Amino acid sequence: MASKFVTPTLTDQPTDGSLPILEGTLGPAAVDIQTLFARQGILAYDPGFRSTASCKSSITFVDGDNGVLLYRGYPIEELAQHSNFVEVAYLLMNGELPTPNQLRTFQNELLDFNLLHDQVMSFFRGFRRDAHPMAVMVGVVGALSAFYHDVIDLQNPADRHRAAIRLIAKMPMIAAASYTYSVGRPQRYPNNELDYSSNFLQMMFGRPNREHKVDPVLARAFDVILILHADHEQNASTSTVRMAASSGANPFACVAAGIASLWGPAHGGANEAVLKMLSEIGTVENIPKVIARAKDKSSSFRLMGFGHRVYKNFDPRSRVIQQQASQVLTHLGIDDPLLEIAMRLEEIATKDEYFVERKLYPNVDFYSGILLRAMGFPVNMFTAVFALARTAGWVSHWLELQSENHGIDRPRQLYVGSGKRSYPANK
Ligand code: CMC
């Protein structure tokens, strides 16, 4: 229990020791505490950043109470319906939707840089063949920093732009190869006649001994998955990329750090965990038992795909993804019992007092696993797909950070360890 308290009060006029309030375009205002320590010798304590804006950003806005997600001001539902991933990546990076010419140039840049240096392929062969694709991606993307290091001048916007393009362009082949290596299949190259999503799908599922025609319905569904996962403001992985970048680190190394952070089951690894959970539930009759376990405070089990740090009403991405999942399952004629279990689970949990009180609703991961599974993705590739999509967001935040100059991130701490003591003389 704290022994002293501070009561913040809002005033119109600055008073001694008062701190300014910063207003954003949308969302809650923020107390600017940058001078707090210098002026008052006291730190702000906020582990987990529940009340802390770590930066200013103009890329993505989330209104968790109203289920709103905007990329550069555009609602996610509209982008999912009318746009495509490459256009969205351009929007995130540049702030505006591209003109047809700008889009063509951007697409051509992505095509120009979509190959991996042949030496990079030998990195894949260094992994155990049963390595998790995310472990491989962390390693290979980090390794790219060795290929593009001295050639990047962080002060030069053209170099920064090229690094961002390289990351978005190369990630599909990296993600696909992290899977094909594990199943012993030679890696296919990108085909520059295909769009971004179709290209990834042909590299992922194509075989060397037959032509692979990508189903346009699946390519569109996959593109929507990429759009929905492309950015989500200051989540753990994006904040990791920004923090790594604040020291002036190589952008490929920064994105490798982001991939590592994304891998955890509380973040991008959740859709893998959802599918595992739904399979374990097995039948609709077992749902009440699982709900009871999720509510039991003596158990660490949580309903995977439920709850979100920011969304406290609904996750707008989950509605779009549920729709896509139903469409793809119908298109492919798949009757997946897990979809029925998921829908029943959602119905029961969203009426349960425990979940209602805590504002726990299905998040994007709740249905994305079912959709990816229907498309043929093995479970361990789910988070890799998330990483592929989120690369657009990571590089946009990296570019935004580079264009500012706020110095290295260096959080402080509330030290609760031992006081100063002498090394024992008799040791
Ligand atoms: N099942 C059961 N109880 C839950 C759940 C859940 N999924 N999520 C939160 N709670 C409870 C939690 O036990 C706590 O209860 P109490 O107040 O009685 O102690 C309360 O709700 C608040 O939880 P919290 O841990 O303070 O919430 P948070 O904002 O820190 O956590 C979360 C957000 C996403 C990590 C968490 O909801 C969770 O672990 N969900 C399951 C994993 C998941 O689906 N993750 C994907 C997130 S969306 C994709 C992404 O953006 O990366």
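The values are calculated or read from the model by the stated rules, or taken from the named source; none is laboratory data. Nothing here was measured: the structure is a model prediction, and the numbers come from that model. Note that each Cβ is placed from the backbone with ideal geometry, even for glycine, and that neighbours are counted across all protein chains shown. To get the accessible areas, we keep the full protein, side chains included, count just its heavy atoms, and leave off ligands, DNA and RNA. Shrake-Rupley method; radii C 1.70, N 1.55, O 1.52, S 1.80 Å.
Values for this structure:
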item: Global form of the range 65-140, assessed from the alpha-carbon gyration tensor, a/c cut-off 1.5; result: oblate
item: 4 °C / 1.567 mPa s Stokes-Einstein diffusion coefficient of the chain, Kirkwood radius on C-alpha pairs, µm²/s; result: 55 µm²/s
item: Two-decimal log10 I(q)/I(0) for the range 88-205, as the Debye equation yields it once each C-alpha is a single scatterer, q = 0.13, 0.17 Å⁻¹; result: -0.55, -0.90
item: Entries of Lys276/Lys312; Lys4/Lys420; Lys295/Lys359 with Cα pairs more than 19 Å apart; result: Lys276/Lys312; Lys4/Lys420
item: Ratio Rg/Rh [Cα only; Rh per Kirkwood] for the range 178-222; result: 0.95
item: Cα gyration tensor shape for the range 1-60, rounded if a/c is under 1.5, else prolate or oblate; result: oblate
item: Computed E for Ser300/Gln34 - FRET, C-beta separation, R0 35 angstrom, nearest 0.05; result: 0.40
item: Computed FRET value (nearest 0.05) for Ile408 with Leu26, which takes r as the C-beta separation and R₀ as 30 Å; result: 0.55
item: Accessible area of Tyr189 in the full protein assembly, 1.4 Å probe (Å², nearest 10); result: 130 Å²
item: Within-11-Å neighbourhood charge of Thr238 [Cβ basis; K, R +1; D, E -1]; result: -1
item: Dipole magnitude of the chain, debye to nearest 20 (Cβ charges: Lys/Arg +1, Asp/Glu -1, about Cα centre); result: 1600 debye
item: Rounded accessible area per residue of the chain, 1.4 Å, Å²; result: 53 Å²
item: Pairwise FRET efficiency - Phe49 versus Thr283, Cβ, R0 = 45 Å, nearest 0.05; result: 0.70
item: Geometric extent, Cα atoms of the range 290-427 - Rg, Dmax (angstrom); result: 22.1, 76
item: Exposure ranking of Leu103, Leu92 by accessible area [1.4 Å probe, largest first]; result: Leu103, Leu92
item: Listed residues Gly419, Gly268, Met93: farthest to the positive end of the dipole of the chain (Cβ charges); result: Gly419
item: Solution diffusion estimate, µm²/s, Stokes-Einstein, the range 185-317, Kirkwood Rh from C-alpha pairs, 20 °C, viscosity 1.002 mPa s; result: 117 µm²/s
item: D (Stokes-Einstein, µm²/s), Kirkwood Cα radius, the range 155-258, 1.306 mPa s at 10 °C; result: 102 µm²/s
item: Accessible surface of the chain [probe 1.4 Å, protein heavy atoms]: carbon and sulfur percent; result: 52 percent
item: Cα pair count fraction exceeding 22 Å, expressed as % - the range 288-366; result: 27 percent
item: Alpha-carbon Debye profile of the range 1-110, log10 I(q)/I(0) at 0.12, 0.20 Å⁻¹; result: -0.64, -1.12
item: Shape call, the range 261-332: gyration tensor on alpha carbons, a/c limit 1.5; result: oblate
item: For Glu272, solvent-accessible area (1.4 Å; no DNA, RNA or ligand), Å²; result: 50 Å²
item: Ranked by how many other beta carbons lie within 10 Å on average, peptides 148-156, 335-343 from highest; result: 335-343, 148-156
item: Accessible-area ranking of Glu78, Glu87, largest first, probe 1.4 Å; result: Glu78, Glu87
item: Protein-only accessible surface order, largest first, of Ser299, Ser58 at 1.4 Å; result: Ser58, Ser299
item: More than 15 angstrom apart: percent of Cα pairs within the range 207-274; result: 66 percent
